[in-house]
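Report on one structure; see the data block that follows.
The values are calculated or read from the model by the stated rules, or taken from the named source; none is laboratory data. Remember, it's a predicted structure, so these values are computed and weren't measured experimentally. Here the Cβ positions follow ideal geometry from the backbone for every residue, glycine too, while neighbour counts run over all protein chains shown.
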Amino acid sequence: MAVGKAEAQHPDRASTTGFTCVVPCLSGIDETAIRDYLARDQFFWLDLTAPTKEDLDSLRELFGFHPLALEDAVHFGQRPKLDHYQDYVFLVFYGARDVSSTGADLLREVQMFISGKYLVSLHRDALPALDEQRSALDGLVLHSEQFLLYRVFDALTDSFFPVLARIDDEIDELENAVLSGPTDEQERQRDERRGECASPCAGVRMRNHAFVFGPGRLHPEEPRHARRVMTAPAV
C-alpha cells in the first residue's frame, strides 16, 4: 500500500500537500501524445501488454531504444537484471498472478525502460496489479516522478503475497493430512508445494529487491534520485 509521499492526491489538495506531478498513463502507443510528452519533458507511463513487432518498431523509432534491449522484449524469459544505457536503464522485474486452476506459470515478467522522462513497461500477459495502478492514478497527482516507480515496484512485489499465502495454506492442509495418515500422493503434493513456495516465487522476490534497491540502485525516499540514476553514463 502506498503511504506518505507515495500516495496519490486529488489536485484540489496539491497547494497544501506539495503534490504537483501529473503522470499521464497510456496502455497503447499514441505517437502524437508520446512525441508531445517527450518534447515538453512531461513524465509519463506507457504500459503495453503483449507488444507486437510493430509496437517494438514504434518504440525504437520514438525512444531510440538499443536493439539488444528490444530483442529481450521480443523473447521475454529474462532473469531480473538492470542494464544501464546512455540516458535510460533497462530493467527486468517480476510480479506474480495466481492462476493455479489453469496450471499456468505463476511468474509474470515485466520489462521496463526508465528515464527521467518516462516509464515504459512491457509484459506478455495482463497484470491486474499494473491495471489497478493506472486506474488509481487517473485524475490524481503524485509528489514527484520517482514515486510512480515506487508504486509500480510495490504493486508487483505485493502481487506475490496472495500466491505465497495460498501455497502456504495448501502446505498446512497437506501436513495435517500427512499426520493423520499420509498417502504417497499427499506427500508428493506437500513436497511440490514446498518447492513452489521456495522457488521460484520467493527467490524472484529477493532478486527483484536486490536489483532495484541494492547498493547504488534506486531508492524511492531520496528526492530526484530516479533522474540521476537513469541518466548515468553507460558502464
- Some residue of segment 180-202 being at pLDDT below 75, β-branched (V, I, T) and either in contact with an Asp or Glu (Cβ under 8 Å, 6 or more places away or on another chain) or closer than 30 Å to L130 by Cβ (or both): no
- Report whether or not F43 is touching an Asp or Glu at 6+ places or on another chain (Cβ under 6 Å), in contact (Cβ under 8 Å) with a residue 12 or more places away in the chain, at negative phi and surrounded by 15 or more Cβ atoms within 10 Å (Cβ to Cβ). yes
- Message: Return the residues of segment 130-149 that are closer than 15 Å to G95 by Cβ, of a type outside the set (S, T, N, Q) and out of contact with any His (no Cβ under 9 Å at 6 or more places or on another chain); say none if nothing qualifies.
- Response: D131, E132, R134, L149
- Query: Given R13, R35, which one is modelled with pLDDT of 95 or more, basic (K, R), assigned to a helix (DSSP H, G or I) and surrounded by fewer than 18 Cβ atoms within 10 Å (Cβ to Cβ)?
  - Reply: R35
- Residue ranges of strands (runs of 3 or more DSSP E) in segment 60-128 with at least 3 members at pLDDT below 90 and closer than 23 Å to F43 by Cα: none
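Has segment 142-162 got any residue that is of a type in the set (D, E, K, R), without any contact (Cβ under 8 Å) to a residue 24 or more places away in the chain and surrounded by fewer than 22 Cβ atoms within 10 Å (Cβ to Cβ)? Give the steps one after another, and end with the answer.
The first filter runs over segment 142-162 and keeps only residues of a type in the set (D, E, K, R), leaving 145, 151, 154, 158.
If we keep only those that are without any contact (Cβ under 8 Å) to a residue 24 or more places away in the chain too, we end up with none.
The answer is no; no qualifying residue exists.
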